[in-house]
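The values are calculated or read from the model by the stated rules, or taken from the named source; none is laboratory data. All values derive from a computational prediction rather than experimental measurement. Cβ atoms come from the backbone with ideal geometry, glycine included; neighbour counts cover every protein chain shown. Areas reflect the complete protein model, heavy atoms only, side chains present, ligands, DNA and RNA absent. Shrake-Rupley method; radii C 1.70, N 1.55, O 1.52, S 1.80 Å.
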Amino acid sequence: MDQYNTISMAEPRSRRIQTKQWWKILAYIFMVLLLITTITPFVSLIFASLKGSIDSVVTNAFTPPHTWEWGNYIEAWVTGRFGIYFFNSLLVAVVVTSLGIILGLLVAYSMVILKVPFNPLWLILFTMGLILPEEAIIIPSYFNLHKLGLINTYWALILPQAALSVAFAALFLRPSLLAIPGDLVDSARIDGCNKLSLVGHVIFPLVKPALSSLVVLFFLGTWNDFTIPLVLTFKDELRTLPLGLYLFQTAHRVNVTLQAAGSVIVALPVIVVYLLFQRTFIEGITEGAIKG
Amino acid sequence: MNQERNWRNLWGNSLYLLPGLMLYLLFFLIPAFQNMIFSFYRMDSLTKGVFVGLQNYQSMISDQLFQSALFHALYFMVLYATIPVLLGLIVAIILARARLKGTTLLRCVFFLPYIVTAVAIGITFQWVYSPNNGLLDTVLKFIGLGFLRKVWYGDEATAIHAVGAIGVWMTFGYMMLIFLAGLQRTDESLYEAAKVDGANVWHQFINITIPSLKNDITIAIIFNIINGLRVFGLVMATTRGGPGNSTLVMDQYAIQTAFSQGDLGYGASLTVVITLITLIVSLLVMWIRREES
């Protein structure tokens, strides 16, 4: 508001302030409505998961429960076998993320710093990974993994996703590595650094922000993925959370409180991690959009 | 000097490249090519395959389910490319320029739907769309528009829009973040100069904000088009392609044909089409990028 006082303008001051206030009120109303629209489904989910009788969910999902039936969660966890699914999602996400980042970093390192031959060829090959969707490999992966005897193992879930992650990581880290001044590398080499310790002591600290973005992107992508677990696994013990939740929903079509409890179980970890690491999360997603 | 030779050692250097490259080739790139090859075969099982040339593609053209699935794919692409982008843009601009209280909270909440898995969100929305008692119907009754009530998931005419609306709800936060990042890069002094020249809020909007976001708008649109192709999880958790195939999406159709009906070849050809669509959209991104740099 103060900026207006020092600048001469055509309109009288009172009218200017009125217009600006009018816009602001409109903005507030809009935001509050949008906030309500965004939050209400989540709130109703939590309410539905805590209700004792199925009927009150069906008739009105948006009133708070009379009694808070925390037992629903235990029932969902046990009946839905979410413990196993949780473990699977975690295992796959951690392995895929680690493989993708480590191998991707080494690949980018070899291309940018070590300057392996045929660099442009590798670049083109990896870039194709960015523009081809997951759907392109689900059927052949099923075929190949079956032939390799790896269908219905954790490898089926890990390998295709890790393969794609390596390509993405390599390309994502390239700009960060290219930005490292050659003198830095040279002086480290002169100081007696070998190839491996260069990565650890010099490169790694410099690309840490990019790495944390990758961690967010890979973890989230793997955790929420529905298609690959659906196509490549049949054993219940191998299923991940989204798939487990989907089957849980199918198995308990009528029992909506149980469905709700299951959904909360699946959604909560990601939300908690997001709230705790908001900055990193948001930076990771926006960096992924900009550089991807 | 031994060190120098170590650094130039081709085989040693390749060791850094090879693991990642091998993993990528074996489990992504080569399968992608295999997919194309499979699409020219009829495969009744994992062992028997007959080369049929373009037959799969020919049957696709007259396949009504394919036509529906393709049409729905286009629907989601267009929907995702417009409404969430617009909504995200408006929200981002308001948050960045209007200096409201609680901006951080709003930004945090609006992004929440994007990170929760689509299946959980699909389940959640059944209470929004449930006939007569769901939130949507309750609100409509409340504001006197009760006659607009429909059986949202059950009516072939409305089902896909119902799912689409969920998609808009899910993705606008992501769009908002892209624009917020872009707006942060805008030079504040441009706005100061404009105010000195007597520009009001609307002028500033048109002449400074929008042009500076041109690239972000393009990126956001293209990214969300790609999101629009990934509605499989959401559809499965809500309408499952029904009622009557009115929400059938390409992914579901491809997986159905390949695995439930055992025709891997046709399924492969369907995924080739999905791939082509994604390819065209992604190539657009890269073309824009080149213009940028």
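Observations on the model:
- Among the residues listed as B:Ile83, B:Ile30, B:Ile37, the single one being of a type in the set (Val, Ile, Thr), at pLDDT 90 or above and closer than 30 Å to A:Leu106 by Cβ: B:Ile30
- Region B:230-243 - residue that is surrounded by fewer than 23 Cβ atoms within 10 Å (Cβ to Cβ) and within 18 Å of A:Pro133 (Cα to Cα) and, of those, nearest to the other protein chains (Cβ to nearest Cβ): B:Phe232
- In region B:26-77, residue surrounded by the fewest Cβ atoms within 10 Å (Cβ to Cβ) [restricted to those that are aromatic (Phe, Trp, Tyr) and in contact with a strand residue (DSSP E or B) (Cβ under 9 Å, 6 or more places away or on another chain)]: B:Phe51
- Which numbered condition B:Gly167 fails, given (1) facing chain A (nearest Cβ under 7 Å); (2) assigned to a helix (DSSP H, G or I): (1)
- Among the residues of region A:221-241, those that are open to solvent by 20 Å² or more (accessible area, probe 1.4 Å) and away from every other protein chain (no Cβ under 11 Å) comprise A:Lys235, A:Asp236, A:Glu237, A:Arg239.
- Residues located in region A:250-289, provided they are touching a Ser or Thr at 6+ places or on another chain (Cβ under 7 Å), within 30 Å of A:Ile131 (Cα to Cα) and not hydrophobic (A, V, I, L, M, F, W, C): A:Thr280, A:Glu283, A:Gly284, A:Glu287, A:Gly288
- One residue stands out in region A:242-292 among those that are hydroxyl-bearing (Ser, Thr, Tyr) and either within 9 Å of chain B (Cβ to nearest Cβ) or over 17 Å from the mean Cα position of the chain (by Cα) (or both): the one that is surrounded by the most Cβ atoms within 10 Å (Cβ to Cβ), namely A:Ser263.
- Each residue in region A:74-88 was checked for being open to solvent by less than 40 Å² (accessible area, probe 1.4 Å) and out of contact with any Gly (no Cβ under 7 Å at 6 or more places or on another chain), and 2 pass.
- A:Ala179 vs. criteria in contact with a helix residue (DSSP H, G or I) (Cβ under 6 Å, 6 or more places away or on another chain), modelled with pLDDT under 90 and more than 10 Å from chain B (Cβ to nearest Cβ): no
- Options A:Leu173, A:Leu214, A:Leu198, A:Leu178: the member that is open to solvent by 10 Å² or more (accessible area, probe 1.4 Å) and either assigned by TED's automatic domain parsing to the domain that holds A:His146 or among the charged types (D, E, K, R) (or both): A:Leu178
- Some residue of region B:247-257 being within 19 Å of B:Pro113 (Cα to Cα) and under 19 Å from the mean Cα position of the chain (by Cα): no
- With respect to the conditions (1) more than 13 Å from chain B (Cβ to nearest Cβ); (2) of a type in the set (Phe, Trp, Tyr); (3) without any contact (Cβ under 8 Å) to a residue 12 or more places away in the chain, A:Phe218 lacks only one, and its number is (3).
- Filtered residues of region B:78-116 (kept if open to solvent by 50 Å² or more (accessible area, probe 1.4 Å), aliphatic (A, V, I, L, M) and within 11 Å of chain A (Cβ to nearest Cβ)): B:Ile90, B:Leu105
- Condition met for B:Gly154 (surrounded by fewer than 18 Cβ atoms within 10 Å (Cβ to Cβ), more than 29 Å from A:Gln21 (Cβ to Cβ) and in contact (Cβ under 8 Å) with a residue 40 or more places away in the chain): yes
- Of all residues in region B:215-224, those satisfying the criterion of being over 28 Å from B:Asp197 (Cβ atoms), modelled with pLDDT under 90 and open to solvent by less than 30 Å² (accessible area, probe 1.4 Å) are B:Ile219, B:Ala220, B:Ile222.
- Exclusive hit being more than 30 Å from B:Tyr41 (Cβ to Cβ), more than 10 Å from chain A (Cβ to nearest Cβ) and at pLDDT 85 or above, set B:Ser212, B:Ser246: B:Ser246
- Taking first residues from region A:264-282 that are more than 20 Å from A:Pro41 (Cβ to Cβ) and partners that are of a type in the set (D, E, K, R), the Cβ contacts under 8 Å between residues at least 6 apart in sequence or on separate chains come to A:Ile282/B:Arg107.
- Counting the residues of region B:109-137 that are modelled with pLDDT of 90 or more, assigned to a helix (DSSP H, G or I) and touching a Leu at 6+ places or on another chain (Cβ under 8 Å) gives 11.
- Candidate set from region A:91-110 (those that are within 7 Å of another protein chain (Cβ to nearest Cβ) and in contact (Cβ under 8 Å) with a residue 24 or more places away in the chain); member that is surrounded by the fewest Cβ atoms within 10 Å (Cβ to Cβ): A:Leu106
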